[in-house]
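Shown next, in C-alpha cells, is the structure this report addresses.
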C-alpha cells in the first residue's frame with residue numbers, strides 16, 4: 001500500500017517477482033490501453049454528484065476518477081451513487097462527490113497482465129482500475145476491457161487449433 005494523502009491509500013499490484021513461462025505472450029494493461037486509448041474522465045471532489053452522474057451518462061461510462069488538480073484522490077462509480085445517495089435519501093444536486101467517493105483506489109501499472117488485473121478486481125471487488133506510472137494517471141481499464149481481451153485471446157487460440165486440426 002502506498003500513501004496517497006492523509007487518510008487515503010492507493011493499492012497497487014506489484015509485478016510477479018518470478019516471470020512464468022509464456023509471460024511475454026500475455027496481454028498487458030499497456031497493450032489494452034494502446035488498443036482502446038488513453039482517455040480518462042475525471043471530476044473534482046467538490047463537484048456535485050449530479051454533475052458526476054451527468055458526465056458518466058454523457059460518456060457512457062460507469063465510473064469517474066476523482067482528481068484534485070493532477071492528484072488522484074478517489075473514484076466514483078454508479079454503485080457508489082446507488083448506495084450512498086439514493087439509498088440514503090441524499091440529493092444529487094447538493095451532495096459533493098467527496099462525500100460519496102471511494103478514497104481507497106486500487107490501481108495497476110502498465111506492465112501488469114490482464115490475468116493479474118482480473119484477479120485483483122475479483123479480490124478487491126472493483127470494476128475499474130486506474131493505471132498509474134509513478135503518481136501520474138495514464139489510463140483506466142474496466143472489467144469489460146479485460147473480458148474483451150480474454151475473449152479475443154481465446155478466439156485466436158481456437159482459430160489456431162482449428163487450423164492445426166484441419167491442415
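The values are calculated or read from the model by the stated rules, or taken from the named source; none is laboratory data. Values in this document were obtained by computation on a predicted structure and should not be read as measured data. Positions of Cβ are backbone-derived with ideal geometry, glycine not excepted, and every protein chain shown enters the neighbour counts.
Does residue 43 qualify as being over 30 Å from residue 26 (Cβ atoms) and either in contact (Cβ under 8 Å) with a residue 12 or more places away in the chain or out of contact with any helix residue (DSSP H, G or I) (no Cβ under 8 Å at 6 or more places or on another chain) (or both)?
Numbers: over 30 Å from residue 26 (Cβ atoms): yes; either in contact (Cβ under 8 Å) with a residue 12 or more places away in the chain or out of contact with any helix residue (DSSP H, G or I) (no Cβ under 8 Å at 6 or more places or on another chain) (or both): yes.
Spelling it out, residue 43 is indeed over 30 Å from residue 26 (Cβ atoms) and either in contact (Cβ under 8 Å) with a residue 12 or more places away in the chain or out of contact with any helix residue (DSSP H, G or I) (no Cβ under 8 Å at 6 or more places or on another chain) (or both).
If you filter the range 13-40 down to residues that are over 25 Å from residue 156 (Cα atoms) and surrounded by 15 or more Cβ atoms within 10 Å (Cβ to Cβ), you find that the one that is modelled with the lowest pLDDT is 13. For the range 107-119, taking the residues that are touching a helix residue (DSSP H, G or I) at 6+ places or on another chain (Cβ under 8 Å) and surrounded by fewer than 18 Cβ atoms within 10 Å (Cβ to Cβ), the one that is nearest to residue 138 (Cα to Cα) is identified as 110. Residues in the range 83-106 that are surrounded by fewer than 21 Cβ atoms within 10 Å (Cβ to Cβ) and under 15 Å from the mean Cα position of the chain (by Cα): 3 in all.
Pairs meeting the criteria (first residue in the range 76-88 and farther than 12 Å from residue 61 by Cα, second residue in a helix (DSSP H, G or I), beta carbons under 8 Å, at least 6 apart or on different chains) are 81/49; 81/52; 81/53; 84/99; 85/49.
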